[in-house]
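Just below is one structure, and these are the notes that go with it.
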Amino acid sequence: MNGCLPTGESMKFIPNECLIDEMLKEIGVSTIDELFTDIPSNLKVKQIPLPKGKTQQEVEQILRRLAQKNTSFHQMPIFLGGGVQFHYIPALVSSILGRSEFFSSYTPYQAEASQGFLQAMFEYQSMIANITGMEIANASLYDGVTALGEAALMSYRITKRSTFYIPQNISWEKRSILQNYVRGQGIFIKEVPYEKKTGLVDLHFLEKHINEDTAGVYIENPNYFGIFEQEINQIQKVVSDHGSLFVVGTHPLSLGIVRSPGEYGADIVIGEGQSLGNPVDFGGSTLGIFATKQKYLRHLPGRIIGMTTDNQGKPAFCMTMQTREQHIRRGRATSNICTNEGLNALAATVYLSWLGSNGLYQVGKRNLERAYEVKERIIALSPFTSVFQGDHFNEFVVHYSGEKKHLQQILQKHGVQGGLPLEPWFPELKKCYLFCVTELHTDKDIEVLLKALKEA
Amino acid sequence: MCMYHSATFDEPLLVDLACSSEKVFKKMEKLPPSLQRKQPLKLPDLDETQLVRHFLHLSQMNFGIDSGMYPLGSCTMKYNPKLSETISGWEQFQCVHPYQEGSTIQGSLEVMYEVERWLATLTGMEQFTLQPAAGAQGEFTGLLLAKAYHEAHGDFQRKEVILPDTAHGTNPASATMAGFKLVEISSTAEGTVNIDELEKAVSENTAVFMLTNPNTLGIFESDIQQIARVVHKAGGLLYYDGANMNAIMGKTRPGDMGFDMVHVNLHKTFSTPHGGGGPGSGPVGVKQRLESFLPVPRVEEHNGEYFLSYDYEQSIGKIKSFYGNFPVILKAYVYMLLMGGDGLTRASEVAVLNANYLKHRLTQNKAYELPFRTLRKHEFVVSSQPLKAQKDIKALDIAKRLLDYGVHPPTVYFPLIVKEALMIEPTETESKASLDTYVQILHKIAEEDPDIVKAAPTTTPVHRVDEAKAAKEPILTWDMRK
């Protein structure tokens, strides 16, 4: 035998261990080391200082200990949002996602052996297009935030203009990621302030500053404070009057109840799709939604699935418009993205088909009503007030005027997580907190929250 | 050997399974009517039995690594241990929010911290970030780090990224996206980096040289130390594309070779499933001199307590929402613990053995030529040019015919410098028996009637798909059908 057997159960994943000598002989060498003679001897590792392999049972015990060092949503109520949210995931989703024919497959380069995943992604694109009110959608990007980066780059490619407007009230993470995505192309990011009373975009500012160099304007609806824009038609008009692209960030679960971005003239729609059947998972894996108009097809980043036929005329699916992509166009591709979030898009497909039209409406309605109910009960308590007047979805901002310095810590003492303090990123929003309430919060969760707030 | 055979269903689209689908709903009291949806929703309304059967049928028309051998070159389609799937589904990992207070997320932070340490040890780098969602995003992150590094040193003119002509397509795409100018150098007759060309290409404008080692031909760049000297002497940085890391774990380390930055693909080398396209994870590791530029937050430890630190003034900021694709990171950690340092080393050894064995047996038939030197690492590229010349059988035809035999084809037509390229990476998780079968099938195809090969596949749910038509007349949603 060559060397000694590895420990633990790595053998379970290396089936040829007992055939090594036979295979070496067939090749015409006598040791495994002879297969590594092309590595200069001074670069060879003698022994890697890492623990030896363990059995499955041992590994499971180690991970169980680590899991116990986390506290989950089901052990304590969590009212945090700000990018990802807790929603109910029907058992059907994990059942289908557990099919290893799906999850253990690669990007479907070989269409004939991947019809299942390709059809599911075609269905994903169709449903995303429908709920966003757009003509086409791609088969996912990394997350809603990098989708914004890609949207800015796409606006630049289409308009050849170099300024991109974003609302001042977006998360600092989103701003940072966007900057990193566009810096290399020399695109300038400018900010549109929000109205302090309503939390809505300052339309007058936009009207005044938008010009012939504006590639695109990004509006979040609902925005980071959870509020729906009231004057979205006027915003769209201002943007299109200047020949700029109107990029809208949406919350997919709101789309059963509110107007789709397509209804108010969006050119590109992006969003975080985690809420569509994907666990919060400590903030990832996420799902970048990206939908647009057909006329921009050639500018789209990422994989796109098309319907065609096979050589017998039978309907079939395949990846299409690949000449946009890095593996063909290399340095001139529309994006560098290769691996995407396919399995998360599959979860969204199963989830949306499980909901159906009625379900999407109901879950949106439930989220909105539940959030209003909780907000009203919070602001009925004396040290709390609502900060913005606008209509919101399932997140909202409240101000705390009590004496305690850190509201969060008080809540944590009562076993509640959230809301998210906004002050670190919005210094003007002193002692303001962003709460998220969804259909997953039980009456008991809400009682625990209110009890804790009463003592704040 | 009993091979995979796909089920075939004429499975309708969801929208065609449902009887009626258009719905407009009554207005809600809480919202002004002007905000409410007017366009009909057209999601299918189906019961769960119908849905299960629909998606089950689709799954049965999809080939995964659990279905059979999947030797896609540079993709490292190795078996995905089931334990990783089980553990990543645990509620205490899944139902945790990234903004929770530190004491309630110690388990997840420890997993991240440990994965960073393992990767640093395996690659010879000092510090890691787990934020990038995929290999391409890792490359992009590395290039932004390089830019920040050069600018911090006043080297604003360093705007060129040099690449060998064998580079993965993501390398030039990432470099362009990060705002660099591309300089491509051709390979030697040996299929390796041409050092003379590299010396000519480097200058005071060089920001980064991106390289995969072993390269995409599966050849180890034995002159890597000299390459590093050339790049460093010119003031450039050396970037390691870790797509081919499965060849060298425990054998040699990019950090020791002279690389300043690496990305690894957890969804390749560390066995996490590809999910039909993703999610992946592309952690980036750097040497000390680049550490201060890494994305925030960083996972740190003090007296056994783990926390997220944002305290890095020179950081490039953020590249992906929150902390990366956590479940992928968790699955990779399970794999690392199962394998251990010794098991990972053995994995690379056997991955290389399997590739060389397969290459040796395959090229015994003259239909498959091996360009460049013989010794390969975890993958190899053969040219099926003889079959094209003699029988007009293209690499694509061979790929499609392999599907009829119930195995997945290799990567074809890459790298671009090899005509009729078949890029094969069997990985260590394939048995000798499956390698032998794969060889037998490829040898058999070489002898087959060209008409049969060119008509392939015929046993799959659909025959050869008309991709040209798909691009010419795009139908991208069910509403776009005529």
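Each value in this text was obtained by applying a stated rule to the coordinates, not by laboratory testing. Since the model is a prediction, treat every value here as computed from it, not as a measurement. Don't worry about glycine lacking a Cβ; one is built from the backbone with ideal geometry, like all the others, and counts go over all protein chains shown.
In units of the rule-of-thumb radius 2.2 N^0.38 Å, region A:91-353 shows an alpha carbon radius of gyration of 1.00. Net charge dipole, region B:346-472: roughly 280 debye, given to the nearest 20, about the Cα centre with Cβ charges of +1 for Lys and Arg and -1 for Asp and Glu. For the protein assembly as shown, a crude dipole built from +1 on the beta carbon of Lys and Arg and -1 on the beta carbon of Asp and Glu, taken about the Cα centre, is about 1000 debye to the nearest 20.
Using every pair of distinct Cα positions in region B:173-319, the Kirkwood expression returns a hydrodynamic radius of 17.1 angstrom. Each listed q (0.09 Å⁻¹) maps to a log10 I(q)/I(0) for the protein assembly as shown from the Debye sum over equal C-alpha point scatterers, namely -0.92. The charge dipole of region A:135-282, taken about the Cα centre with unit charges on the Cβ atoms of Lys, Arg (+1) and Asp, Glu (-1), comes to about 320 debye, rounded to the nearest 20. Seen from every direction in turn and averaged, the convex hull around the alpha carbons of chain B projects onto 27.9 nm². Between the alpha-carbon centres of region B:196-213 and region A:134-175 there is a gap of 32 Å.
The mean number of Cβ atoms from other chains found within 10 Å of a Cβ in peptide B:402-414 is 2, as a whole number.
Going toward the positive end of the dipole of chain A, with +1 on Lys and Arg Cβ and -1 on Asp and Glu Cβ, which of A:192, A:256, A:133 do you reach last? With unit charges placed on the Cβ atoms, the residue in question is A:192. Full extension of the segment from residue B:39 to residue B:26, taken as 0.36 nm per residue of separation minus the current Cα-Cα distance, would add 3.5 nm. With a 10 Å cut-off around each Cβ of B:243-256, the average count of Cβ atoms from other chains is 3. Sparsely packed loop sites in region A:165-257 (the trypsin sites (Lys or Arg not before Pro) outside DSSP H, G, I, E and B with at most 10 other Cβ atoms within 10 Å) comprise A:197. Mind checking which of B:171, B:133, B:194 is farthest towards the positive end of region B:121-249's charge dipole, using Cβ charges of +1 (Lys, Arg) and -1 (Asp, Glu) about the Cα centre? Checked the options; the winner is B:133.
For region B:29-157, averaging the sequence separation of C-alpha pairs within contact (under 8 Å, six or more residues apart) and dividing by the residue count gives a relative contact order of 8 percent.
Cα to Cα, under 20 Å, and not fewer than 8 places away if on the same chain: which aspartates and glutamates meet these conditions relative to residue B:23? Those aspartates and glutamates meeting the cut-off are A:123, A:135, A:263, B:45, B:47, B:48, B:479. Considering only B:452, B:411, B:370, the residue lying farthest towards the positive end of the dipole of region B:346-472 is B:370, judged by Cα position with unit charges set on Cβ. Across region A:91-353, Cα pairs under 8 Å and at least six residues apart give a relative contact order of 28 percent.
Dimensions of region B:236-391 from C-alpha coordinates, computed as largest minus smallest value along each principal axis and given longest first, are 64, 38, 32 Å.
For the cross-link pairs A:190/B:147; A:196/B:30; A:196/A:413; A:12/B:268; B:394/B:469; A:405/B:30, the ones whose C-alpha atoms lie over 27 Å apart are A:196/A:413; A:405/B:30. Taking a threshold of 29 Å on the Cα-Cα distance, which of the pairs B:331/B:432; B:388/B:472; B:78/B:419; A:46/B:287; A:444/B:38; A:46/B:318 fall above it? Where the Cα-Cα span goes over 29 Å, the pairs concerned are A:444/B:38; A:46/B:318. In a fully extended conformation the segment linking residue A:191 and residue A:61 would gain 41.8 nm over its present Cα-Cα distance, using 0.36 nm per residue. When you filter the chymotrypsin sites (Phe, Trp or Tyr not before Pro) in region B:142-246 for DSSP loop state and at most 13 other Cβ atoms inside 10 Å of their Cβ, you are left with B:156. In this structure, the residue pairs whose Cα-Cα separation is over 21 Å, taken from A:69/A:404; B:82/B:251; A:404/A:451, are A:69/A:404; B:82/B:251. Sparsely packed loop sites in region A:70-101 (the chymotrypsin sites (Phe, Trp or Tyr not before Pro) outside DSSP H, G, I, E and B with at most 16 other Cβ atoms within 10 Å) comprise A:88. Averaging the sequence gap over all C-alpha pairs within less than 8 Å and six or more residues apart, then dividing by the number of residues, gives chain B a relative contact order of 20 percent.
Take every Cα-Cα pair in region A:83-239 and report what % of them are more than 20 Å apart. Roughly 62 percent, rounded to a whole number.
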